[in-house]
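Laboratory data are not the source of any read-out in this text; all were calculated from the coordinates shown. Please read all numbers here as calculations on a predicted model, not as lab measurements. All Cβ positions, glycine included, derive from the backbone under ideal geometry; neighbour counts span all protein chains shown.
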């Protein structure tokens, strides 16, 4: 790490001097902060007890303590994500004197909280689908818990390391590297090195990694172009000059800067908060499957529509399977599991297996009358079957042969079935949203100084101007909100920091080579380091569990 260390107190030989970042919070504010932090955790634990007791699932003291520890680590990831990424929203308003530092971080924290609460939920399961199929189907096993703890601990450790040296690093990038590391480790441990990389969903990984790879380019060139357009249209020289020491910007400019800060904070919460939600749902499904494996809040009145769509889809799949006798249910599960592992669904037996599983799901839900009535002993298998049907059918519609194999009405029937399966399995309880929102929002209020200095002082060769801050943050907010709309996890850090660099170039300032080099090094190192950390932790944790006879 010494090769990329940055001194957060290093001064730059330029004027005007940077803003004051050393104001101490009021003791009463500290009391409120820690009260909310503790209250959020107590609320999460109480919600788990209420939910499990409501479905007749009793958690032993040991199981509840284990669940509480897992929640602490998951919420800790979101807390670290908050103070690691706060600088991306507040650096511009602080360095342009639009808001004092203490007010800026509270403002940002509130809108991060709001962004999580109003998020769509589309991103929550996007990263989870990168995980190995066998671990997702058996998330309550020792391997499943080792997976969750390994990827969370690896992500937190790397985030803390890059924060400590003041580097703007992507929490999304880190988490995805951790997920891929667990996938590789699981594959090597279960099938040996000859098994290749079937432990990783490379189609989903390519989609996610492409977004992360192009994020810095989008940020740099979009902010550069936007500032050039601003310079051509808006001739006010104050926009492109360093602010006077301690002097607030003109009213209109100040409003623009506060607006862009608000937009980045809100969009960061709406995108990054969902990653924590998805991980917490994995923990809950593993520890308390009866309460959380299925969406028991779906009303009984929705059951007929669910059954009808499942029957229509089953008929479509059966017509493509062409088998004279139905497959046994165990064989159908094995076929679909293998199809997901190899990403190969274009076989008649796969469609036949989809028909068997879909028909069985329909009969079970119809028999119970509602998802809320599914008994504890049947919950894991039903959720597993719904997961297999959902993800395999998605692959089937993405296959090259899909337009030739399925008619338009058949595709519509499968789409409707997928919507019902998602509603039944991929849901976020309100209390999960609230606790994640609290963790992310409160995290934005601490530890922000190191990276604020890097973004505000160490990217461009001159002081951040009003126009630079507004263009960089406007680009970041628009890009993240668009990614949220399409369910794509993207890096706030990559977009914003590269946007500041692009705006600096457009403003004729040039860039500080050392900082850009270190940021690029962190960007390159994040994926392999996170993969090594998570893979090593997964191996270590699983080895320890098996050594104690619990594997």
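A crude spin-label estimate for the pair residue 141 and residue 34, with each label 7 Å from Cα along the Cβ direction, gives 4.3 nm. Helix 513-547 axis versus longest C-alpha principal axis of the chain: approximately 30°, rounded to the nearest ten.
Legend: ranking of residues 24, 449, 461, 398 from fewest to most surrounding C-beta atoms inside 10 Å; resulting order 24, 398, 461, 449.
Here the residues 141, 270, 471, ranked from fewest to most Cβ neighbours within 10 Å of their Cβ, fall in the order 141, 270, 471.
Model label sites at residue 398 and residue 217, defined 7 Å from Cα along the beta-carbon direction, differ in position by 2.1 nm.
Annotation for region 112-176 versus region 297-363: alpha-carbon center distance of 30 Å. The C-alpha atoms of the chain define a longest principal axis, and helix 348-368 lies at about 90 degrees to it. Taking 20 Å as the cut-off, the amide N atoms of region 406-428 that come nearer than this to a point 7 Å along the Cα-to-beta-carbon line of residue 305 belong to 409-428. Between residue 415 and residue 247, what is the FRET efficiency for a Förster distance of 60 Å, r being their Cβ-Cβ separation, to the nearest 0.05? Taking R0 as 60 Å, the efficiency between residue 415 and residue 247 is 0.60.
With a simple spin-label model that places each label point 7 Å from the Cα along the Cα-to-Cβ direction, the separation between residue 297 and residue 344 comes to 4.2 nm. Distance between the C-alpha centres of region 408-485 and region 518-551: 25 Å, rounded to the whole angstrom.
Counted over all Cα-Cα pairs of region 300-425, pairs farther apart than 16 Å make up 57 percent. Note on residue 521 and residue 543: the extension gain reaches 4.7 nm, defined as 0.36 nm multiplied by sequence separation minus the Cα-Cα distance.
As a proxy for reagent exposure, 43, 387, 351 were ordered by neighbouring Cβ count within 10 angstrom, fewest first; the result is 43, 387, 351. Estimated from helical segments only, the mean residue ellipticity of the chain at 222 nm is -24500 deg cm²/dmol, where each DSSP H run of four or more residues counts as -39500 (n - 2.57). Placing a label point 7 Å from the Cα of residue 513 along the Cα-to-Cβ direction, the residues of region 440-463 with a backbone N closer than 20 Å are 457-463. For region 40-104 versus region 214-254, the spacing of their alpha-carbon centroids is 34 Å.
Measure nothing fancy, just the Cα-based angle from helix 466-485's long axis to the longest principal axis of the chain, in degrees from 0 to 90, nearest 10. Once rounded, one gets 0 degrees.
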